[in-house]
Amino acid sequence: MRNLSRPLSLWVLLLLAWGPGTAVAEEPSHCEEDRLADAERGHEVEHRVEARPEGDLVRFTVHRTFHNPRPRHTELEARFTLPREGTVHGLALESQGQWTEGLLLEAAQAERRYEALRRKGPAAPRALAMLSSEGGATVRLRLWNLPPRASVTVRYEVRARLAYAHGRKSFTYPLPDCERSPRPALTLVPASPGEDLSLETRNTNHWRPELEASWEAGTARGLDARAGLVHWGAGSLGFLQVRAERLSEVPARARVVFVVDASYSVGPQGISRQLELAGEYLQWLPDATAEVVVFRRSAQRLFGRLIPASEWKTALATLPPERLAPGNGSHLDEGLKLAQRVLEDGSGPARVLALTDGLLREAFEPVPPAPSTSAPDAAVHLRWLPLRTGYAAPHEKLSEPLVRGSCGTQLHAYGGNSSLEPLVRPLRWEEVHLQDGQGARLKELPTLQEGEGLQLWLPSPQTPLGELVLHGRRWGCAASQPVARDDSLSADLVRNAWANQRFEPWNRDKEELPPEEAVELLARKGDWVSGTHSLLVVPPGAGPSTARTHALEDGVAGGVSGGVVGGTISCPMAAPLQRPASPELMEALERLLQPVFTTCLGEGGNPSLQVRLETTGDELVDMQVTGAASEPQASCVREATWALRLPTLCDDGLRGTYTLTPRR
């Protein structure tokens, strides 16, 4: 929806968005106006809202008109819920063409004055209004002495903090859950704060619908962290606002080495898929140069040089097929070491993208650091491949960084359809915490994902707060961001509470609520309706009148009750499953190796020679030869065994270890 320039057009759009029957039909009505006929009690006839986004706030100017169809004065009540993190300010009443502004009074004083004016007395009936807190975010509007067969209008302002998520600013306005309540006619000033304004009705839970307006927040870069601090005695009250906007950019002229798993456990299709993934990765880096290192028992370069990304498809098409044939061995560490040597040449940000199914030899260890992979703009990533067969556990050492001391992250396959962008540039911070100048941790924050935002209340007013820094890990390496002291945000803490406790624990994180002791402190300083302050409108000449006989019973809500309601995450891998002993498989391996012994050792052989095989399913991942009479004999057995293709009796990737000796 674009270019919404006139309020009428926006209102038509809202009607289309809401549709008929917005209230939840299966829920019984909690509204007196749904139970009483219009002729018995007054009712609300119009609800207009003007929403004005200003900076990080949205100000709602609300006009609500109530009509009394009876031939005598009456009293009405309406309860409504504020928007999330909302406060209500100011109250004015229009009756018989005259507007009267309200006063902010201590709650107890306002209650006493209102009740005194409801007593019977000689004064002429004059309409009055009162706004008071019902606890949490619920506000109670009371109207006294509505003129017979006439209407009155109340005006008040609601302020709320704009939300931020996924690069968009938004606000919500609760819709009525009473079927007889008029739908709010909402206009936006300016009519379209963003060219891509979106309006939709959603339910925060099963019974409270609300309208949400959202638009593009802009093109700001980086992590924006600001704090508002207000001094309270010896301490300070703080409010943290964080926006993880575009956290990073695509590197220019990067040098990329793809470390490709060419073992039997991956198979020909898995090798082809890895090269497809490499091509997809290079689409993000059109000015990069790239090389491929394939690893089996050892590692080899595929092109022999860093080729431009534009030549990628042509270079692959001209390779002899045998260069990409699968084989025994999954020596990822050898592939990583060769990748480091490749990156010793040239300039530009270094990237290593290792691809593997995780079925490695037991002796695998992360490789030592090197200048090429330890530079500040370098990264070593792991992209997991789905297992070709079975459910074998990956090597437990893969929970650590592949190159010690390097930055990088891991991206799981999730069926092979996940985007590679998290491996192109950092999209989130992990292990995030807020720290003060003395090094004390104040808050443990959720992971900060690019495009997301959060708002947190800081420790209680008794704790002094000074310098604040946000710490985390980006691609597994330490990152930090100073938290700026924002005077406008500090002033907002005094002018706007955002302190109303909500009775929605299933919808709210504890950190989003202010400390309990802060609610009262904020309310004492602010100009909003709270447990300590109410708004009362008393026109000139108002006093106790004869209209008392038409009042609601004390403590009974009637009339219009309801109104508007409204880096690398390191975690230990599971222990690898071991293959149970299988005499059938052992016999097959003995038959397979006997010709090797005969060829390398001669008839009669060397009975003291032993070959220890380490396998993952039908793949040989490592081996050791001991007890050979000479090094030529050991080398012959070693090379001939590596060239074998193991039987496919158990093609499930499960790890197994076997020791074989020549037959006498």
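If we scan the stretch 447-458, do we find a residue that is open to solvent by less than 20 Å² (accessible area, probe 1.4 Å), over 30 Å from E344 (Cα atoms) and assigned to a loop (DSSP other than H, G, I, E, B)? Checked the stretch 447-458: at least one residue is open to solvent by less than 20 Å² (accessible area, probe 1.4 Å), over 30 Å from E344 (Cα atoms) and assigned to a loop (DSSP other than H, G, I, E, B). Return a yes/no flag: does the stretch 303-312 have any residue that is open to solvent by 20 Å² or more (accessible area, probe 1.4 Å), part of a helix (DSSP H, G or I), within 14 Å of F258 (Cβ to Cβ) and among the polar types (S, T, N, Q). No, that holds for no residue.
Note on the stretch 266-296: residues that are among the hydroxyl-bearing types (S, T, Y), open to solvent by 10 Å² or more (accessible area, probe 1.4 Å) and either out of contact with any Gly (no Cβ under 8 Å at 6 or more places or on another chain) or under 27 Å from R645 (Cβ atoms) (or both) amount to 1. Would you point out the residue of the stretch 179-199, among those that are exposed (fewer than 15 other Cβ atoms within 10 Å of the Cβ) and in contact with a helix residue (DSSP H, G or I) (Cβ under 7 Å, 6 or more places away or on another chain), that is modelled with the lowest pLDDT? The extreme case among them is E179.
Taking the criterion of being surrounded by fewer than 16 Cβ atoms within 10 Å (Cβ to Cβ), of a type outside the set (K, R) and within 14 Å of A588 (Cβ to Cβ), the residues of the stretch 645-664 that qualify are P647, T648, L649. Scanning the stretch 429-446 for residues that are open to solvent by 50 Å² or more (accessible area, probe 1.4 Å), closer than 29 Å to G408 by Cβ and either touching a Phe, Trp or Tyr at 6+ places or on another chain (Cβ under 7 Å) or assigned to a loop (DSSP other than H, G, I, E, B) (or both) gives a single hit, P446. Filtering the stretch 120-178 to residues that are in contact with a helix residue (DSSP H, G or I) (Cβ under 7 Å, 6 or more places away or on another chain), assigned to a loop (DSSP other than H, G, I, E, B) and either modelled with pLDDT of 95 or more or open to solvent by 30 Å² or more (accessible area, probe 1.4 Å) (or both) leaves K120, P125. Checking the conditions here, which among T74, T65 is closer than 14 Å to L146 by Cβ and open to solvent by less than 10 Å² (accessible area, probe 1.4 Å)? Being closer than 14 Å to L146 by Cβ and open to solvent by less than 10 Å² (accessible area, probe 1.4 Å) holds for just one of T74, T65, which is T74. Against the condition more than 23 Å from A350 (Cα to Cα) and in contact with a Pro (Cβ under 9 Å, 6 or more places away or on another chain), how does E362 come out, does it pass? Against the criterion (more than 23 Å from A350 (Cα to Cα) and in contact with a Pro (Cβ under 9 Å, 6 or more places away or on another chain)), E362 qualifies.
Look at H381 and say whether it is assigned to a strand (DSSP E or B), surrounded by 20 or more Cβ atoms within 10 Å (Cβ to Cβ) and not charged (D, E, K, R). Considered against the rule, which asks whether it is assigned to a strand (DSSP E or B), surrounded by 20 or more Cβ atoms within 10 Å (Cβ to Cβ) and not charged (D, E, K, R), H381 comes out as yes.
Just to be sure before I move on: is V88 crowded, with 19+ Cβ neighbours inside 10 Å and assigned to a strand (DSSP E or B) in the structure I sent? Yes: the conditions hold for V88. Scanning the stretch 596-624 for residues that are surrounded by fewer than 18 Cβ atoms within 10 Å (Cβ to Cβ) and either aliphatic (A, V, I, L, M) or farther than 21 Å from G329 by Cα (or both) returns T598, T599, G602, E603, G604, P607, S608. Within the stretch 103-111, one or more residues are surrounded by fewer than 15 Cβ atoms within 10 Å (Cβ to Cβ) and assigned to a helix (DSSP H, G or I). Residues in the stretch 233-254 that are open to solvent by 10 Å² or more (accessible area, probe 1.4 Å) and either touching a Pro at 6+ places or on another chain (Cβ under 7 Å) or part of a loop (DSSP other than H, G, I, E, B) (or both): G233, A234, E245, L247, S248, E249, V250, P251, A252, R253.
For the stretch 461-489, give me each residue that is open to solvent by 30 Å² or more (accessible area, probe 1.4 Å) and either modelled with pLDDT under 90 or among the small types (G, A, S) (or both). If the condition is that a residue be open to solvent by 30 Å² or more (accessible area, probe 1.4 Å) and either modelled with pLDDT under 90 or among the small types (G, A, S) (or both), then Q462, T463, P464, G466, E467, A478, S480, A484, D487, S488 are the ones that fit. Checked against (1) open to solvent by 20 Å² or more (accessible area, probe 1.4 Å); (2) more than 27 Å from R243 (Cβ to Cβ); (3) part of a helix (DSSP H, G or I), P401 meets all criteria but (3). Which residue is nearest to the chain's Cα centre (by Cα), if the candidates are limited to the stretch 462-487 and must be part of a loop (DSSP other than H, G, I, E, B), closer than 23 Å to H231 by Cα and not acidic (D, E)? Selected residue: V483.
The values are calculated or read from the model by the stated rules, or taken from the named source; none is laboratory data. Since the model is a prediction, treat every value here as computed from it, not as a measurement. So basically every Cβ, Gly included, is an ideal-geometry build from the backbone, and we count neighbours across all protein chains shown. The area values use the complete protein model at the heavy-atom level, side chains included, leaving out ligands, DNA and RNA. Shrake-Rupley method; radii C 1.70, N 1.55, O 1.52, S 1.80 Å.
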